[in-house]
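Asker: Quick one: this structure, given as structure tokens, is what I'll be asking you about.
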Amino acid sequence: MTKLASQDCVPCRKGDNPLTGTELEQYLAELPDWELVQRGTTPCLQRQINTRDFAGAMALANRISDLAEAENHHPELVVAYGSLSVRWWTHAIGGLHPNDFIMAARTDALLQP
């Protein structure tokens, strides 16, 4: 498990500032398989994960769902045959929070054998 994946998520409140600039770049450097994308005007972390088939993508989506429920922090998941797209962002602040990077790292940890 990476250092980032072992950190605890902290409650985020409306009014907290989203990460920007250097902070954003530092966190992103720890997640080489993730990219910054825009969902409308909102920056998100996204990763496309290839799987063997639809059942594999669905099983992974379910594991991520369990992780999300445990932290009460939920991603956007798009399941397709042979792939799963995962997007993390913090709705309350309309951008990226350290929790998003923690959850992305934990998503990566689910992929480890």
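Asker: Test residue 51 against the stated conditions and say whether it is over 18 Å from residue 4 (Cα atoms), in contact with a helix residue (DSSP H, G or I) (Cβ under 6 Å, 6 or more places away or on another chain) and buried (at least 16 other Cβ atoms within 10 Å of the Cβ).
Answerer: yes
Asker: How about the stretch 11-42: which of its residues are assigned to a loop (DSSP other than H, G, I, E, B), surrounded by 11 or more Cβ atoms within 10 Å (Cβ to Cβ) and either free of Cβ contacts under 8 Å to residues at least 12 places away in the same chain or more than 12 Å from the chain's Cα centre (by Cα) (or both)?
Answerer: Across the stretch 11-42, the qualifying residues are 12, 18, 19, 20, 30.
Asker: For the subset of the stretch 1-48 comprising residues that are among the basic types (Lys, Arg) and farther than 13 Å from residue 106 by Cα, which member is modelled with the highest pLDDT?
Answerer: 39
Let's see how each residue does on (1) touching a residue at least 24 places away in the same chain (Cβ under 8 Å); (2) surrounded by fewer than 19 Cβ atoms within 10 Å (Cβ to Cβ); (3) in a strand (DSSP E or B):
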position	(1), (2), (3)
44	yes, no, yes
62	no, yes, no
70	no, yes, no
78	no, yes, yes
84	yes, no, yes
92	yes, yes, no
105	yes, no, no
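Asker: For the stretch 84-92, does any single residue satisfy the condition of being over 18 Å from residue 107 (Cβ atoms) and modelled with pLDDT of 95 or more?
Answerer: no
Asker: Test of understanding: among 96, 111, 67, which residue is under 21 Å from residue 32 (Cβ atoms), over 12 Å from the mean Cα position of the chain (by Cα) and among the aliphatic types (A, V, I, L, M)?
Answerer: Among 96, 111, 67, only 111 is under 21 Å from residue 32 (Cβ atoms), over 12 Å from the mean Cα position of the chain (by Cα) and among the aliphatic types (A, V, I, L, M).
The values are calculated or read from the model by the stated rules, or taken from the named source; none is laboratory data. Since the model is a prediction, treat every value here as computed from it, not as a measurement. Don't worry about glycine lacking a Cβ; one is built from the backbone with ideal geometry, like all the others, and counts go over all protein chains shown.
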